[in-house]
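J.: For reference, the structure I am asking about is given below.
The values are calculated or read from the model by the stated rules, or taken from the named source; none is laboratory data. Note that the coordinates shown come from a computational prediction; the quantities given were computed from them, not determined experimentally. Quick reminder, even Gly has a Cβ in these numbers, built from the backbone with ideal geometry, and neighbours come from all protein chains shown.
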Amino acid sequence: MVVSVVVALLVGRVFDRTGTHILLTIPVLSTLTVLLAFSPDPGVALAGSLAWGAGIGIFETALRASIAESTTAARRGEVYGTVSAVFGTAWFVGSAVMGILYDVSIGYIVAYVVIAEAAAVAAYLLMYRSRIVVRLQEGLGNLIP
């Protein structure tokens with residue numbers, strides 16, 4: 001958790017400069033975490049724990065800042081609650097799947113995480129693209145169908 005706190009302080013400044021793009025570091029850190037955390041070497045496993053803490057610090061800081069930046073004050077509480085509910089549910093489901101895969105093979109856990117993180121990057125890019133189109137439509141009126 002110490003890593004999460006330190007990273008959160010740094011990410012706040014980076015978010016102010018780069019915006020939501022900082023969220024793209026989370027899939028990298030998640031993949032790095034799973035590659036390191038299951039190592040039989042305690043030092044490498046510790047590095048995996050540190051990567052996990054960094055990812056949590058980035059997620060909590062950047063996601064909250066992006067919600068505050070992109071929602072009205074009247075809806076902010078509802079959006080925070082919805083995001084927390086979805087995140088908690090996804091965390092539970094992902095942990096359950098990884099628990100099942102742990103009995104089969106750690107390699108399957110790694111593959112699962114890589115696939116899930118690739119899907120997360122694709123979803124982010126799709127949502128970011130949609131956001132640009134909406135802003136263009138708002139700015140250009142009916143010029144874009």
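J.: Is there any pair with a first residue in segment 26-40 that is in a helix (DSSP H, G or I) and at pLDDT 90 or above and a second that is among the hydroxyl-bearing types (Ser, Thr, Tyr) and surrounded by fewer than 18 Cβ atoms within 10 Å (Cβ to Cβ) whose Cβ atoms are under 7 Å apart and which are 6 or more apart or on different chains, and what are they?
T.: Qualifying pairs under 7 Å: ALA37/SER49.
J.: When you go through (1) surrounded by fewer than 18 Cβ atoms within 10 Å (Cβ to Cβ); (2) under 27 Å from SER70 (Cβ atoms) one by one for THR31, which number turns out not to apply?
T.: THR31 satisfies all of (1) surrounded by fewer than 18 Cβ atoms within 10 Å (Cβ to Cβ); (2) under 27 Å from SER70 (Cβ atoms) except (1).
J.: Identify the residue in segment 100-124 that is of a type in the set (A, V, I, L, M), touching a residue at least 40 places away in the same chain (Cβ under 8 Å) and under 18 Å from THR20 (Cβ atoms) and, among all such residues, is surrounded by the most Cβ atoms within 10 Å (Cβ to Cβ).
T.: Step by step, filter segment 100-124, then rank; the result is ALA120.
J.: Within segment 67-80, can you find the residues that are of a type in the set (Ser, Thr, Tyr), in a helix (DSSP H, G or I) and exposed (fewer than 14 other Cβ atoms within 10 Å of the Cβ)?
T.: Residues of segment 67-80 of a type in the set (Ser, Thr, Tyr): 70-72, 80.
Still in the running and in a helix (DSSP H, G or I): 70, 80.
Listed by number, the list holds a single entry, SER70.
J.: Here's something else I'd like to know. Which ones in segment 41-61 are of a type outside the set (Val, Ile, Thr) and either more than 25 Å from VAL97 (Cβ to Cβ) or not in a helix (DSSP H, G or I) (or both)?
T.: Step one: of segment 41-61, the residues of a type outside the set (Val, Ile, Thr) are 41-43, 45-55, 57, 59-60.
Scanning segment 41-61 gives ASP41, PRO42, GLY43.
J.: Of all residues in segment 5-44, how many are of a type outside the set (Val, Ile, Thr) and either more than 23 Å from ALA118 (Cα to Cα) or touching a strand residue (DSSP E or B) at 6+ places or on another chain (Cβ under 8 Å) (or both)? It would help to see each step written out before you state the result.
T.: From segment 5-44, those of a type outside the set (Val, Ile, Thr) are 8-10, 12-13, 15-17, 19, 21, 23-24, 27, 29-30, 32, 35-43; that's our starting set.
Applying the additional criterion that residues be either more than 23 Å from ALA118 (Cα to Cα) or touching a strand residue (DSSP E or B) at 6+ places or on another chain (Cβ under 8 Å) (or both) yields 8-10, 12-13, 16-17, 40-43.
Residues meeting the conditions: 11.
J.: Moving on to the next point. Is it the case that some residue within segment 57-68 is among the hydroxyl-bearing types (Ser, Thr, Tyr), out of contact with any Cys (no Cβ under 8 Å at 6 or more places or on another chain) and in contact (Cβ under 8 Å) with a residue 12 or more places away in the chain? If you could, list the steps in order and put the result at the bottom.
T.: Going residue by residue through segment 57-68, those that are among the hydroxyl-bearing types (Ser, Thr, Tyr) are 61, 66.
From what is left, the residues that are out of contact with any Cys (no Cβ under 8 Å at 6 or more places or on another chain) are 61, 66.
Pick out the ones that are also in contact (Cβ under 8 Å) with a residue 12 or more places away in the chain and you get 61, 66.
Checked segment 57-68: at least one residue is among the hydroxyl-bearing types (Ser, Thr, Tyr), out of contact with any Cys (no Cβ under 8 Å at 6 or more places or on another chain) and in contact (Cβ under 8 Å) with a residue 12 or more places away in the chain.
J.: Of the residues that make up segment 126-138, is at least one in contact (Cβ under 8 Å) with a residue 60 or more places away in the chain and either part of a helix (DSSP H, G or I) or at positive phi (or both)?
T.: Going residue by residue through segment 126-138, those that are in contact (Cβ under 8 Å) with a residue 60 or more places away in the chain are 128.
Next, only the ones that are either part of a helix (DSSP H, G or I) or at positive phi (or both) stay: 128.
Yes, segment 126-138 contains at least one residue that is in contact (Cβ under 8 Å) with a residue 60 or more places away in the chain and either part of a helix (DSSP H, G or I) or at positive phi (or both).
J.: Condition first: closer than 11 Å to ILE26 by Cα and surrounded by fewer than 19 Cβ atoms within 10 Å (Cβ to Cβ). Now tell me which residues in segment 57-66 satisfy that.
T.: Of everything in segment 57-66, just one residue is closer than 11 Å to ILE26 by Cα and surrounded by fewer than 19 Cβ atoms within 10 Å (Cβ to Cβ), namely GLU60.
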